[in-house]
1. I'd like the full set of residues that are of a type in the set (G, A, S) and in contact (Cβ under 8 Å) with a residue 12 or more places away in the chain, limited to the stretch 293-333.
2. For the stretch 140-166, which residues satisfy the criterion of being open to solvent by 50 Å² or more (accessible area, probe 1.4 Å), without any contact (Cβ under 8 Å) to a residue 60 or more places away in the chain and over 12 Å from I79 (Cα atoms)?
3. Among what's in the stretch 5-58 and is more than 22 Å from the chain's Cα centre (by Cα) and among the charged types (D, E, K, R), pick the residue that is nearest to N180 (Cα to Cα).
4. For residues that are polar (S, T, N, Q) and open to solvent by less than 30 Å² (accessible area, probe 1.4 Å), scanning just the stretch 279-310, find the one that is farthest from E266 (Cα to Cα).
5. Looking at (1) closer than 18 Å to G59 by Cα; (2) in contact with a helix residue (DSSP H, G or I) (Cβ under 9 Å, 6 or more places away or on another chain); (3) open to solvent by 30 Å² or more (accessible area, probe 1.4 Å), which is the only condition Y313 fails?
6. Given the conditions (1) touching a strand residue (DSSP E or B) at 6+ places or on another chain (Cβ under 7 Å); (2) modelled with pLDDT under 95; (3) not aromatic (F, W, Y), and given that G124 satisfies all but one, which numbered condition is not satisfied?
7. With the condition being within 17 Å of the chain's Cα centre (by Cα), I'd like the helices (runs of 4 or more DSSP H) fully within the stretch 69-184 carrying at least 2 qualifying residues.
8. Tell me yes or no: at least one residue of the stretch 109-124 is without any contact (Cβ under 8 Å) to a residue 40 or more places away in the chain, under 25 Å from W161 (Cβ atoms) and open to solvent by 60 Å² or more (accessible area, probe 1.4 Å).
Amino acid sequence: MTAKYDVVAIGNAIVDVIASADEAFIASENLTRGSMQLIDAARATELYGRMGPGREVSGGSAGNTIAGLAALGQQCAFIGQVADDQLGEVFAHDIRALGVRFDTAKRGVEPPTARCLILVTADGQRTMNTFLGASQFLPAAAIDHDLIANSAILYLEGYLWDPEEPRAAMRAAIDTAKANGRKVAFTLSDAFVIDRHGADFRTLIDAGDIDILFANDGEVHALMGTADVASAVTALSAKVATLVVTHGAAGAEAHSGGGHARVAAEPIAQLVDTTGAGDLFAAGFLSGQAQGRSLEDSLVMGAVCAAEVISHYGPRPEGDLMALVAARLGQRG
């Protein structure tokens with residue numbers, strides 16, 4: 001059945017507040033450099049007051065991926081919960097301005113719209129402090145089953161698996177996608193999510209409910225519990241139709257149907273901010289798959305998108321991704 005949309009994503013609807021910080025500030029706030037931690041409303045207010053000047057940019061892992069897909073010309077939709085407040089308006093306006101369908105009804109004003117306070121050090125590493133707010137209250141009733149049935153790929157954000165209410169919503173979405181012959185893509189998001197919900201993820205994988213799985217070195221290792229990353233990749237690739245593993249500066253690889261491809265990371269002039277690198281990589285890869293491209297071409301598209309986003313502040317593309325991808329694929333002949 002022909003799909004109206006290439007990808008519909010379900011994820012945390014978050015507004016990112018991004019500011020530069022030095023190592024001393026990270027230490028003084030007792031933060032783990034390069035990590036993502038969940039914080040409550042009081043801590044969000046406290047840390048925001050101590051941060052330097054910041055930029056407000058709509059974010060959220062799956063939202064960033066959908067933004068990248070839209071920039072690559074794919075037809076996309078997003079399902080995520082915001083509150084009826086200023087940041088909720090910021091998020092809704094930004095994602096719709098990209099051409100992405102976003103129809104999820106707002107909640108009341110409490111809890112407020114989610115925000116992620118991102119501290120970026122001079123080497124581009126980001127330390128994320130996330131207040132999930134309204135995003136963790138996405139109800140099953142917010143799932144548009146007709147939309148999912150009319151989307152070739154359902155993309156799910158692992159971060160959103162943590163709260164009970166959206167977890168139930170995503171399970172319902174998976175059932176609808178599978179009932180309509182659609183593919184389900186899933187990003188593991190972070191090792192701490194696997195620590196809490198690894199059993200759930202392994203059950204989904206064993207049941208064949210995940211068709212495309214995205215992970216980085218730490219995540220695939222945490223999920224499989226093997227002695228090393230290579231053996232974890234080998235074991236997991238036998239369980240999912242398509243496995244995509246990113247290795248940071250060492251590139252990325254994909255396994256599908258007995259095939260395997262690996263590409264190097266794209267060169268960049270300067271590393272500015274790694275926020276959104278994995279999200280934009282997923283966008284490039286999914287765009288390639290939506291266009292019927294090979295594993296290797298899809299990986300290259302992911303690498304190009306990741307390189308663009310880490311070359312500037314913020315998790316959303318600022319360059320012309322379509323032109324960058326076309327030029328890079330043209331070099332391959």
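1. The first filter runs over the stretch 293-333 and keeps only residues of a type in the set (G, A, S), leaving 294, 298, 302-303, 306-307, 311, 314, 319, 323, 326-327, 330, 333.
Once the filter is applied, which keeps residues that are of a type in the set (G, A, S) and in contact (Cβ under 8 Å) with a residue 12 or more places away in the chain, the stretch 293-333 yields S294, S298, G302, A303, A306, A307, S311, G314.
2. D146, E164, E165
3. Once the filter is applied, the top-ranked residue is R43.
4. Here the answer is S287.
5. Failing condition for Y313: (2).
6. (1)
7. Where helices (runs of 4 or more DSSP H) fall fully within the stretch 69-184 and carry at least 2 residues being within 17 Å of the chain's Cα centre (by Cα), they are 86-97, 164-179.
8. Step one: of the stretch 109-124, the residues without any contact (Cβ under 8 Å) to a residue 40 or more places away in the chain are 109-110.
After this cut, where a residue has to be under 25 Å from W161 (Cβ atoms) as well, the list is 110.
Okay, now just the ones that are also open to solvent by 60 Å² or more (accessible area, probe 1.4 Å), so 110.
Looking through the stretch 109-124, at least one residue is without any contact (Cβ under 8 Å) to a residue 40 or more places away in the chain, under 25 Å from W161 (Cβ atoms) and open to solvent by 60 Å² or more (accessible area, probe 1.4 Å).
The values are calculated or read from the model by the stated rules, or taken from the named source; none is laboratory data. Treat the numbers as computed from the prediction; the structure is a model and nothing was measured. All Cβ positions, even for glycine, are placed from backbone atoms using ideal geometry, and neighbour counts span all protein chains on display. Areas reflect the complete protein model, heavy atoms only, side chains present, ligands, DNA and RNA absent. Shrake-Rupley method; radii C 1.70, N 1.55, O 1.52, S 1.80 Å.
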